[in-house]
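Peer 1: First the structure, then my questions, so here it is.
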Amino acid sequence: MNFGEDMESNVDFHIKDEAKRMLKEIALVKKNVENSELYAGMCLDLKQNKTIQKHFFRLLGYHSQVQVVIYGLGSTEYSFSSQFQLAVVLLLKRDFPNWIGNIEIYDPCMSMADIIFFEKLGLEVLTNDENCKRRAQRPTMFYMPNPCWYLIGNLLGANWSSSCLNKIFVLTNSFSYTLTNTPRCRTVLETVLRLERILDFTTEVHIETSDNQTYANLFSGFAWHFFDVDPNNDIDKPGCYWLDMQRHLEEEFLENMKSDMNSEDFAEIWGNYRGARRLRCNNIPTPPGWIKLNIYGIGRKGDQPGRYSGIFQDEKGKCFDMYRGDIDVEDNVIAGLEALRIGLAGCMEGRPNVQKLIVESDNVILVHYVNGLPEPNDTAMRWLGEIFFMLKRIACVVYHIYEEANEATRDLALNGECPNSA
């Protein structure tokens, strides 16, 4: 075979040849890792560290071996780093055959040569992307050399019970370090919340790296993670994570209220995120420095005229001003926009004097329109043009609430009933 020929003429040959060459490479890499201070330290810990041995004994129970699942390795065809990280687990399998059983592997970056290479090494290549959501049915070691932050959350979430967590251990970047350095953004929020909850039940045994820069870069911050969760802990209660998420969303809302964001900044948030359930279900007093305006609008039906209303509340949730009126439109959204327009116009005139305003509406489409989603129709734009102009002059948050939290404003519009407090 002429290796300089156009590879397109015999792709299959070249892929298989790559796999053969990678087998030769991994043998050399294993020898390098075997002689490293890093691997010597790992072996010494597994043989002599009483903390590790205690957890292994508890994990194994009546099982003879642990299953190993590798996520986040990357491609060994395209990355020498991945080859070094794979060599570690291959050596552990060789040197500790009494407790390491079969090894399964998946990474979305796997190439055809990778798959052939892994199978030649005796690894079971997974064909479906589990997205790191394997629920442990038996003692399992998860080896995750290069996980994206959100994948840690996926793994913990899939095993979010004492029975599952107590069956697994994880060899990956330090959880405590990950928690400290992970931003609290929406894409990795699950990871942050689950790490905050689980760290109290986690034994983290750090792996010492040598002064060699290659090993320091590849394995810096690596640690064994063992879980010992009391079955009576809240983790086993239905909805535990959901409640943690709700508490976080409320805290995030209050933090945003303390910031110097303008109406456009708030619209970008509330145009995409629904927020905490408690904010939608209950009439909650406003944060310090803010005034709340609840609005309601209903279009004309038969002989019933369209109506709108608004109720202003202070920081203590007390009603201090209100308004209502009729409007000759059929669209509930337009009636609600009129309620918002009237309220904002009053604020512009100092009735009341407001610099920071929270607006609550039970019409989700109205909230979408004001926050920029979706594209309003021409009629709505006639109201929104004036509303957007006024919103530039104050900091305003507009979000959706449920009907029961807007009952007082609805009663004011429909029946003229004036609440003592909203």
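Peer 1: Under 8 Å for C-alpha pairs, at least 6 residues apart: give me the relative contact order for the chain, rounded to a whole percent.
Peer 2: Numbers: 690 pairs, mean separation 48.6, N = 422.
Contact order relative to length: 12 percent.
Peer 1: Could you sort 301-313, 150-162 so that the peptide with the highest average Cβ count within 10 Å comes first and the rest follow in order?
Peer 2: Details: 301-313: 19.2, 150-162: 20.8.
Result, highest mean Cβ count within 10 Å first: 150-162, 301-313.
Peer 1: For segment 238-368, which whole percent of the accessible surface, found with a 1.4 angstrom probe, sits on carbon and sulfur atoms?
Peer 2: On the way: 3040 of 6340 Å².
Carbon and sulfur: 48 percent of the exposed surface of segment 238-368.
Peer 1: Separate question: How big is the chain on each of its three principal axes, counting only the C-alpha atoms and giving the largest first in Å?
Peer 2: 84, 59, 41
Peer 1: Quick one: work out the % antiparallel among DSSP beta bridges in the chain, nearest 5.
Peer 2: Values: 26 of 53 bridges.
DSSP beta bridges in the chain are roughly 50 percent antiparallel.
Peer 1: Another question, if that's okay. Give the cross-link partners of LYS318 among the aspartates and glutamates, using a straight C-alpha distance below 18 Å as the criterion and excluding same-chain residues fewer than 8 apart.
Peer 2: Of all the aspartates and glutamates, those that pass the test against LYS318 - Cα under 18 Å, at least 8 places apart if same chain - are GLU360, GLU404, GLU407, ASP411, GLU417.
Peer 1: Which whole-percent values make up P(r) of segment 63-198 when all C-alpha to C-alpha distances are grouped in 5 Å steps starting at zero?
Peer 2: 2, 10, 20, 22, 20, 15, 8, 3, 0
Peer 1: If you count only protein heavy atoms and use a 1.4 Å probe, how large is the accessible surface of CYS240, to the nearest 10 Å²?
Peer 2: Counting only protein heavy atoms, CYS240 exposes about 10 Å² to solvent.
Peer 1: Continuing with the same structure: Need the list of lysines near LYS316 for cross-linking: C-alpha distance under 22 angstrom, and skip anything on the same chain fewer than eight residues off.
Peer 2: Those lysines meeting the cut-off are LYS258, LYS292, LYS356.
Peer 1: Could the peptides 324-333, 348-357 be put in order, highest first, of the mean number of other beta-carbon atoms found within 10 Å of their residues? Each step should come with its number before you reach the end.
Peer 2: Numbers: 324-333: 17.4, 348-357: 13.7.
Packing proxy ranking, top to bottom: 324-333, 348-357.
Peer 1: Go through LYS50/LYS237; LYS133/LYS167; LYS31/LYS54; LYS30/LYS167; LYS54/LYS167 and tell me which ones have a Cα-Cα distance over 22 Å in this structure. Can you show the working numbers first?
Peer 2: On the way: LYS50/LYS237 32 Å; LYS133/LYS167 15 Å; LYS31/LYS54 30 Å; LYS30/LYS167 29 Å; LYS54/LYS167 14 Å.
With Cα atoms farther than 22 Å apart: LYS50/LYS237; LYS31/LYS54; LYS30/LYS167.
Peer 1: Between segment 328-398 and segment 211-266, how many Å separate their Cα centres?
Peer 2: If you average the Cα positions of each part, the centres end up 35 Å apart.
Peer 1: Defining a contact as two alpha carbons under 8 Å apart and six or more residues distant in sequence, what relative contact order in percent does segment 147-257 show? Spell out each step's value before the answer.
Peer 2: Working: 124 pairs, mean separation 37.8, N = 111.
This gives 34 percent for segment 147-257.
Peer 1: Follow-up question, since we're still on this one. Quantify, in whole percent, the carbon and sulfur part of the accessible surface of segment 191-233 (1.4 Å probe; protein heavy atoms only).
Peer 2: 37
Peer 1: With every protein chain left in place, what is the accessible area per residue of the chain in square angstrom, probe 1.4 Å? Let's see the in-between values first.
Peer 2: Numbers: 20840 Å² over 422 residues.
Here the residues of the chain average 49 Å² of exposed surface.
Peer 1: Report the relative contact order of segment 278-422, percent, no decimals, based on alpha-carbon pairs under 8 angstrom and at least 6 residues apart. Before the final figure, lay out each step's value.
Peer 2: Numbers: 292 pairs, mean separation 44.5, N = 145.
Relative contact order of segment 278-422: 31 percent.
Peer 1: In whole percent, and with a 1.4 Å probe on the protein chains, what portion of the accessible area of segment 15-110 is carbon and sulfur?
Peer 2: Details: 2610 of 4770 Å².
In segment 15-110, the share of accessible area belonging to carbon and sulfur is 55 percent.
Peer 1: Can you give the helix-only mean residue ellipticity at 222 nm for the chain, where every DSSP H stretch with n ≥ 4 adds -39500 (n - 2.57) and the sum goes over all residues, rounded to the nearest 500 deg cm²/dmol? Before the final figure, lay out each step's value.
Peer 2: Numbers: 17 runs with 188 residues, N = 422.
For the chain, the value works out to -13500 deg cm²/dmol.
Peer 1: Modelling each spin label as a point 7 Å along the Cα-to-Cβ direction, I'd like the LYS237/GLN355 distance in nm, to one decimal.
Peer 2: With each label placed 7 Å out from Cα toward Cβ, I get 4.1 nm.
The values are calculated or read from the model by the stated rules, or taken from the named source; none is laboratory data. Predicted, not measured: the structure shown is a model, and the values here were computed from it. Here the Cβ is made from the backbone with ideal geometry for all residues, glycine too, and neighbour counts use every protein chain on show. Calculation scope for accessible area: heavy atoms of the full protein, side chains included, ligands and nucleic acids excluded. Shrake-Rupley method; radii C 1.70, N 1.55, O 1.52, S 1.80 Å.
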